[in-house]
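Report on the following structure.
The values are calculated or read from the model by the stated rules, or taken from the named source; none is laboratory data. All of these numbers come straight from a predicted model, not from anything done at the bench. Here the Cβ is made from the backbone with ideal geometry for all residues, glycine too, and neighbour counts use every protein chain on show.
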Amino acid sequence: MRRVASLVAVTVAACVACVESKSATADSAAAPSVRAAVESTTAAFHEALRNNDSASLYSFVDDNVVMIPPGEPPVQGIAAMHKWYAAFLGQYHTSSLTLKDKEVFVGDGWATEIGTYEWGLQPTAGGAGAVDRGHYMQVWKQTPDGRWKFYRELWNSAG
């Protein structure tokens, strides 16, 4: 748990440093078309998650992705992400996903999205569903061909 907390602290500090050092210039100077491309990509990624469409979801994911789920060790690489989601989706399906308080910072080849979420989950074995609420941060990386890829994420359940 300490290792995950330390990794989260370092990741947040690094992201804050990047945002603080570039947000005033890079974000305000980002072309509207670049911002639109980022927001369109993140919306399509989240829609794939809402619809349990793993093929579409993975089309937005960088090979070197790192996810940090609550209370778990980091999931590193797309193969590990496939394994993690296969196990997760074997237990739950997304019944709803609402993102709020979203902020998007766009820089030179990088974008960061921060916000709150409500993730409705339905057990695959049946029974009552649950809603997970919390905060998230995603980092998106622009590829040489101009596409945006899901590169890093951490989220925490707020209870």
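Overview of values
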item: Residue selected from region 119-155 under the condition surrounded by fewer than 17 Cβ atoms within 10 Å (Cβ to Cβ) and touching an Asp or Glu at 6+ places or on another chain (Cβ under 7 Å), by the criterion nearest to residue 59 (Cα to Cα); result: 141
item: Residues located in region 41-90, provided they are on the phi > 0 side of the Ramachandran plot and of a type in the set (Gly, Ala, Ser); result: 71, 77
item: Some residue of region 41-49 being surrounded by 14 or more Cβ atoms within 10 Å (Cβ to Cβ), farther than 18 Å from residue 114 by Cβ and touching a strand residue (DSSP E or B) at 6+ places or on another chain (Cβ under 9 Å); result: no
item: Residues located in region 99-148, provided they are among the polar types (S, T, N, Q) and within 13 Å of the chain's Cα centre (by Cα); result: 112, 116, 138
item: Verdict on residue 116 being modelled with pLDDT of 95 or more, out of contact with any Asp or Glu (no Cβ under 7 Å at 6 or more places or on another chain) and surrounded by 13 or more Cβ atoms within 10 Å (Cβ to Cβ); result: no
item: Among the candidates 79, 24, 55, residue that is modelled with pLDDT under 85 and surrounded by fewer than 15 Cβ atoms within 10 Å (Cβ to Cβ); result: 24
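Residues are listed down the side, and each one gets a yes or a no for (1) among the small types (Gly, Ala, Ser); (2) farther than 22 Å from residue 39 by Cβ:
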site	(1), (2)
62	no, no
79	yes, yes
88	no, yes
134	yes, no
139	no, no
